[in-house]
Amino acid sequence: MPEYTPPDFEAADREVAEALSTLKRHGLQVNFPEDVQKRLDSYILFEGDDGLFKALLPSVKNYFEYGCGKSTEYLYKYSNVNIYSVDTSQEWASKIQGLSKDKGDNRLNVKWVDVGPVIDWGTPESFVKRQNFAEYANWFWELGVDPDLVVIDGRFRVCCFLTSIKFAPVGTKILFDDYADRPSYHVAEEFLPVIDRCGRQVLFEVDSHAKEKVDDDVISGFRNVVG
């Protein structure tokens, strides 16, 4: 008799979650009993608006992320992507970097930037350490690595968006989280057009025309906008 191989329920749950993400992206919502939904939640990112994010991943080798969290953990566990993430919360940065402890690889690289005491969602409590704000936006771009995808999901979002335009190669994708319902972020469209949407997220692609618009003066105008 062939050797018995137990079913991989984790992989099955992940496949179901990814199917749900695709369906939601196309306007179809499927509800499960509470116990099943709770099990699937481990694989659902951005409160379910993750269909576009997951669709982009197969073409990503190097991934930059402003603000670490559940998406970082998901990528580290279920992909071979090289991850570079920056955060203003020392607690979160340490927790996520700890995922790679004793793993013997260097795919996960998390940087904590000290912007002073932080409140909810890593927001600086004051401007006492504003001299460090630039480090948060710039850290990735000093590593000598070109990203395939940049996710804007942390603090200083408009500044980070503009910094990404300045330094990223033409053709780099930028996925901006929490964008749709926050008009303060829509200034981004003065520099690049939205090329795709998924719920609260929108996608941009760096082009040479945008690079001509973004200079240090433009970036510095948003340096202390912490949202």
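Just so you know, all these numbers are worked out from the coordinates, no wet-lab data involved. Keep in mind the model is a prediction, meaning the values are calculated, not measured. Because the Cβ atoms are built from the backbone with ideal geometry, glycine has one as well, and the counts that use them run over all protein chains shown.
A Cβ-based charge dipole, computed about the Cα centre of the chain with Lys and Arg at +1 and Asp and Glu at -1, lands at about 220 debye.
List the pairs from LYS24/LYS77; LYS101/LYS173; LYS24/LYS173; LYS54/LYS77 whose alpha-carbon separation is above 19 Å, in the order I gave them. Before the final figure, lay out each step's value.
Numbers: LYS24/LYS77 23 Å; LYS101/LYS173 30 Å; LYS24/LYS173 22 Å; LYS54/LYS77 14 Å.
LYS24/LYS77; LYS101/LYS173; LYS24/LYS173, as the Cα separations exceed 19 Å there.
Suppose we flag chymotrypsin sites (Phe, Trp or Tyr not before Pro) only when DSSP calls them loop and at most 12 other Cβ atoms lie within 10 Å. Which is the longest uninterrupted stretch of the chain?
The longest uninterrupted stretch comes out as 5-126.
Of the GluC sites (Glu not before Pro) found in the stretch 124-227, the ones in coil according to DSSP and having at most 14 other Cβ atoms within 10 Å of their Cβ are GLU125. Helix 9-25 axis versus longest C-alpha principal axis of the chain: approximately 50°, rounded to the nearest ten. For Cα extents along the principal axes in Å, computed directly from the structure shown, the correct entry in [x] 54, 45, 34; [y] 70, 40, 32; [z] 59, 41, 29 is [y]. Label-to-label distance for ASP217 and GLN29 is 4.7 nm, based on points extended 7 Å past Cα in the beta-carbon direction. For LYS166, a cut-off of 23 angstrom between C-alpha atoms picks up these lysines, skipping any fewer than 8 places away in its own chain: LYS61, LYS111, LYS211, LYS213.
Among VAL202, VAL16, sorting on how many other beta-carbon atoms sit within 10 Å of each Cβ, with the fewest leading, yields VAL16, VAL202.
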